[in-house]
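Trainee: Dropping a structure here in C-alpha cells format, bear with me for questions.
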Number of protein chains: 2
Amino acid sequence: MGDRPPKWLEEAEDDFAYKRADFIVNPASRSTLRRPSRYQGDLKKKPGVKLLKRLHRRMQHHQRMLAAENERSVLIVLQAMDAAGKDSTVRRVFGPLNPATCKVFSFKAPSETDLDHDYLWRIHKEVPARGELGVFNRSHYEDVLIARVANLVPDRVWKKRFDHINHFEQMLTDEGCTILKFYLHVSKDYQEERLQRRLDLPEKHWKFNPADLVERERWPAYQRAFQSVFSRTTKKHAPWFVVPSERRWYRDLVIARTVCDTLDRMNPQPPEPTFDPEAVELV
Amino acid sequence: MGDRPPKWLEEAEDDFAYKRADFIVNPASRSTLRRPSRYQGDLKKKPGVKLLKRLHRRMQHHQRMLAAENERSVLIVLQAMDAAGKDSTVRRVFGPLNPATCKVFSFKAPSETDLDHDYLWRIHKEVPARGELGVFNRSHYEDVLIARVANLVPDRVWKKRFDHINHFEQMLTDEGCTILKFYLHVSKDYQEERLQRRLDLPEKHWKFNPADLVERERWPAYQRAFQSVFSRTTKKHAPWFVVPSERRWYRDLVIARTVCDTLDRMNPQPPEPTFDPEAVELV
C-alpha cells in the first residue's frame, strides 16, 4: 500500500502531442469523425511503442492505488465495427494490468435468460466494483446499434433506450464510477483487409464469422446508428472518444493516454490507516 | 395452455367497495395517508376472507397466462416500518401463487459485495423475468429510507437517488415490466403491539431484533422519509399505494385486488401457436 508515486508522475512530461479535444465527441458539434481513420499525428511507430510502455507503468500504478482506495471504479466501453480491433485493443492496452482488479467482459449475443430481462440487466451485473477497472468489449450500445440496424426490436423500443442509457450511466457516475467510451474508427476498406486476413491465414479462421458479411453490407446504416449514439449519449460525465484505429500502435496510445489522464485526475489514494503503525508491536 | 377464462372473469362482479383512488398516492396531492391505518371500509372479516379466496383464483389464472405469454412481467414492491406485516403479506397474498413463476426476494442488509457496487446493482439482478411476477420484500427504497434516516450516506448522495429510481423504474416499464408499490400503513401504537407480541411469544422470539428499537425511536424521521418517497416516486407507470394494514385481512384484500385489477387490464394471453394443431399427427 501507498507506493510512492514514481518519478514520471512528478515530471509530468508530455508524452506525445495528445490533445483530448482531437478525439472527444463534443455534443454541440455534429462532425464527430474529425480525424481520418489512418491518423497518427506527427508520431512514428517506434517511439510510439516506447511511449506505450511508459503509459502502462502509469496505469499499473494507478490501478494499485484504485484498488487500495476501494471507493471508486472506472468503466471503459469499447465499440466498433467487426474486425476493427476490439480484441487486440483489450490485449495490447489492458493486457499489462493485473487481472485481479482489471475485469474484462466481452458481450456476445444475449442468452435466453438475458432476453427474458430488460437489455441493461446483463450489463448492470458486470459493471466494475469499487477498486476495479472494468473493460466492456461491446456493451449496452449494441442495443441501439445492431438492435436498430437489424430490426431486432421496433423503433419505439430502441428510441427510448438513449434516455435509459444516459440515466443508467448518470446513476453509475453518481455512485462512484468513471466512464470512458471509445469508438475504434476504421474505414470500410480497412475492414475488408482485416476480414481477408482472417480468410487467408489458417490460424485466423476461427475469428471469421460468415455473419459478419451481412453486417458489412449494412455499413452505411451502422455509421448512421453510431452517429446517433455519439450525438445522443456523449456526456461530460461519460464522453465518447473517436479513436483513429488503422495504426494499431497509435490507437493504443490514444486510449492508454486517455485512461491515464483520467486516472491522473482521479488521483486514487490508499485510505488513511485507522491504527497507529508505530504503535503496533509484532511479537 | 389457453385455459378458458373462468366464469368469474366474465361475471366481473364487484367483490367489495374497492376504489383504487382511496389508496393510490396522487403526486399532485400531499396528503397521502388519507385512510386511517385501522380502516376496513364497510366490510366484515368473514366475508372479506371469502373474497380473498376468489381473488386468489383470479391471480392464479392470470399468473398462468402471464407465464404462457412470456412477454411481460409484474414487480410488486412492499415497504413498511418494522413489524408492520411485510412477511405476513407475502405469505397470505402471494403464498397461493405457483412459486415457479412467482419469485419473492427479501432484501436484507447489503453484503460487502453489494456495497462494492451502486445500490441498484443487487436490485436489478433480482427483477422478475418475462412471464414472472416478482415480489420485493423491502427494495431499493431502503436506499432513500434507512440510508437517509440513519445517515448511512451523505445528503448529496441519497438526494440524487430519487431521480435514479424513477429512471430505473421507467426503463423497466419501457422494457415490459409493470410496477406496483405498496406501503403497509400502521400506527406507532400498532407497531408496539406487534413488537410486544414477538417478546411475549417464545415462538416469535426469533423475529425480534433489538436493533428494531433504534429504528422505532426514529419513527417521525421515517415518516418524513416515506413522505418524500411517496411524493417524489409515485408515477403513473409505477404508483405507490398506501394500504391500511392494521386489519390484516383487509390489507390482504386491498393488495390482492389491486394486483388482480392490474392483471385484468394487462390481460396476458398465450401466443398464437406457430403450427397447425390439427395437422400434427401423433404416432
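The values are calculated or read from the model by the stated rules, or taken from the named source; none is laboratory data. Since the model is a prediction, treat every value here as computed from it, not as a measurement. Backbone-built Cβ (ideal geometry, glycine too); neighbour counts: all protein chains shown.
Trainee: Filter region A:117-143 for residues that are touching a Gly at 6+ places or on another chain (Cβ under 8 Å) and among the acidic types (Asp, Glu) and give the result.
Mentor: Initial filter on region A:117-143 (touching a Gly at 6+ places or on another chain (Cβ under 8 Å)): A:118, A:126-128, A:130.
A:Asp118, A:Glu126 - these are the residues of region A:117-143 that are touching a Gly at 6+ places or on another chain (Cβ under 8 Å) and among the acidic types (Asp, Glu).
Trainee: In region A:67-118, how many residues are within 11 Å of chain B (Cβ to nearest Cβ), touching a His at 6+ places or on another chain (Cβ under 9 Å) and under 23 Å from A:Thr178 (Cβ atoms)?
Mentor: Qualifying residue count for the region: 1.
Trainee: Has region B:135-146 got at least one residue that is closer than 24 Å to B:Asn70 by Cβ and either modelled with pLDDT of 95 or more or out of contact with any helix residue (DSSP H, G or I) (no Cβ under 6 Å at 6 or more places or on another chain) (or both)? Spell out the reasoning first.
Mentor: From region B:135-146, those closer than 24 Å to B:Asn70 by Cβ are B:135-136; that's our starting set.
With either modelled with pLDDT of 95 or more or out of contact with any helix residue (DSSP H, G or I) (no Cβ under 6 Å at 6 or more places or on another chain) (or both) added as a condition, the list becomes B:135-136.
Looking for residues that are closer than 24 Å to B:Asn70 by Cβ and either modelled with pLDDT of 95 or more or out of contact with any helix residue (DSSP H, G or I) (no Cβ under 6 Å at 6 or more places or on another chain) (or both), one finds at least one in region B:135-146, hence yes.
Trainee: Also: Please tell me if B:Arg138 is among the basic types (Lys, Arg), at positive phi and away from chain A (no Cβ under 14 Å).
Mentor: Details: among the basic types (Lys, Arg): yes; at positive phi: yes; away from chain A (no Cβ under 14 Å): yes.
Yes, satisfied.
Trainee: Right, next: Considering every residue within region A:105-116, establish whether at least one is surrounded by fewer than 21 Cβ atoms within 10 Å (Cβ to Cβ), touching a helix residue (DSSP H, G or I) at 6+ places or on another chain (Cβ under 7 Å) and over 16 Å from A:Val229 (Cβ atoms). Can you show your working first?
Mentor: Residues of region A:105-116 that are surrounded by fewer than 21 Cβ atoms within 10 Å (Cβ to Cβ), as a first pass: A:105-116.
Of the ones still in play, those that are also touching a helix residue (DSSP H, G or I) at 6+ places or on another chain (Cβ under 7 Å) are A:107, A:110, A:114.
Of the ones still in play, those that are also over 16 Å from A:Val229 (Cβ atoms) are A:110, A:114.
Yes.
Trainee: Could you grab me the full set of residues in region B:94-125 that are within 13 Å of A:Glu126 (Cα to Cα) and either modelled with pLDDT under 95 or part of a helix (DSSP H, G or I) (or both)?
Mentor: We begin by selecting, within region B:94-125, every residue within 13 Å of A:Glu126 (Cα to Cα); these are B:113-114, B:116-118, B:120-122, B:124-125.
Answer for region B:94-125, where residues must be within 13 Å of A:Glu126 (Cα to Cα) and either modelled with pLDDT under 95 or part of a helix (DSSP H, G or I) (or both): B:Thr113, B:Asp114, B:Trp121, B:Arg122, B:His124, B:Lys125.
Trainee: Also, quick follow-up: If the requirement is being of a type outside the set (Asp, Glu) and in contact with an Asp or Glu (Cβ under 9 Å, 6 or more places away or on another chain), which of these qualifies: B:Thr258, B:Thr233, B:Thr262? Before the answer, list the steps.
Mentor: Values: B:Thr258 fails: in contact with an Asp or Glu (Cβ under 9 Å, 6 or more places away or on another chain); B:Thr262 fails: in contact with an Asp or Glu (Cβ under 9 Å, 6 or more places away or on another chain).
Every option except B:Thr233 fails the conditions.
Trainee: Quick one: in region A:119-135, of everything that is among the basic types (Lys, Arg) and in contact (Cβ under 8 Å) with a residue 12 or more places away in the chain, which residue is nearest to the other protein chains (Cβ to nearest Cβ)?
Mentor: Applying the first criterion (among the basic types (Lys, Arg)) to region A:119-135 yields A:122, A:125, A:130.
So of that shortlist, the ones also in contact (Cβ under 8 Å) with a residue 12 or more places away in the chain come out as A:122, A:130.
On the way: A:Arg122: 10, A:Arg130: 5 Å.
Residue satisfying both the conditions and the ranking: A:Arg130.
Trainee: Given (1) crowded, with 19+ Cβ neighbours inside 10 Å; (2) more than 20 Å from the chain's Cα centre (by Cα), where does B:Phe136 come up short, assuming only one miss?
Mentor: Answer for B:Phe136: the failing condition is (2).
Trainee: Another question, if that's okay. With a cut-off of at least 2 residues that are within 30 Å of B:Arg58 (Cβ to Cβ) and charged (D, E, K, R), name the helices (runs of 4 or more DSSP H) lying wholly within region B:170-283.
Mentor: Details: elements: B:188-200, B:211-217, B:219-233, B:248-266.
Output list reads B:248-266.
Trainee: Follow-up question, since we're still on this one. A:Glu69 fails exactly one of the following numbered conditions: (1) surrounded by fewer than 21 Cβ atoms within 10 Å (Cβ to Cβ); (2) within 29 Å of A:Ala225 (Cβ to Cβ); (3) in contact (Cβ under 8 Å) with a residue 60 or more places away in the chain. What is the number of that condition?
Mentor: (2)
Trainee: While we're here: Considering only residues that are modelled with pLDDT under 95 and either of a type in the set (D, E, K, R) or touching a strand residue (DSSP E or B) at 6+ places or on another chain (Cβ under 9 Å) (or both), look in region A:266-282 and name the one that is nearest to A:Tyr39 (Cα to Cα).
Mentor: Per the criteria, the residue is A:Glu272.
Trainee: Same structure again: Give me the pairs, please: first residue somewhere in region B:38-54 and surrounded by 17 or more Cβ atoms within 10 Å (Cβ to Cβ), second residue anywhere and in a loop (DSSP other than H, G, I, E, B) and modelled with pLDDT of 95 or more, beta-carbon distance under 6 Å, and either six or more positions apart or on two chains.
Mentor: From region B:38-54, the pairs are B:Gln40/B:Arg247.
Trainee: How many of the residues in region B:34-58 are polar (S, T, N, Q) and touching a His at 6+ places or on another chain (Cβ under 9 Å)? Quick ask: steps written out before the conclusion?
Mentor: Here is the first cut: in region B:34-58, the ones polar (S, T, N, Q) are B:37, B:40.
Adding the requirement that they be touching a His at 6+ places or on another chain (Cβ under 9 Å) leaves B:37.
Qualifying residue count, region B:34-58: 1.
Trainee: What's the total number of residues in region B:156-190 that are in contact with a Phe, Trp or Tyr (Cβ under 9 Å, 6 or more places away or on another chain) and surrounded by fewer than 21 Cβ atoms within 10 Å (Cβ to Cβ)?
Mentor: Of all residues in region B:156-190, those in contact with a Phe, Trp or Tyr (Cβ under 9 Å, 6 or more places away or on another chain) come to B:161, B:164-165, B:167-168, B:171, B:175, B:180-183, B:185, B:188.
From what is left, the residues that are surrounded by fewer than 21 Cβ atoms within 10 Å (Cβ to Cβ) are B:167, B:180, B:188.
Residues in region B:156-190 being in contact with a Phe, Trp or Tyr (Cβ under 9 Å, 6 or more places away or on another chain) and surrounded by fewer than 21 Cβ atoms within 10 Å (Cβ to Cβ): 3 in total.
Trainee: Which residues, taken from region A:150-185, are in contact (Cβ under 8 Å) with a residue 60 or more places away in the chain, more than 10 Å from every other protein chain (Cβ to nearest Cβ) and of a type in the set (A, V, I, L, M)? Please lay out each step first, then the result.
Mentor: Here is the first cut: in region A:150-185, the ones in contact (Cβ under 8 Å) with a residue 60 or more places away in the chain are A:150, A:162, A:165-166, A:169-170, A:172-173, A:176-185.
Narrowing the set further to residues that are more than 10 Å from every other protein chain (Cβ to nearest Cβ) leaves A:150, A:162, A:169, A:178-185.
Selection gives A:Ala150, A:Ile179, A:Leu180, A:Leu184.
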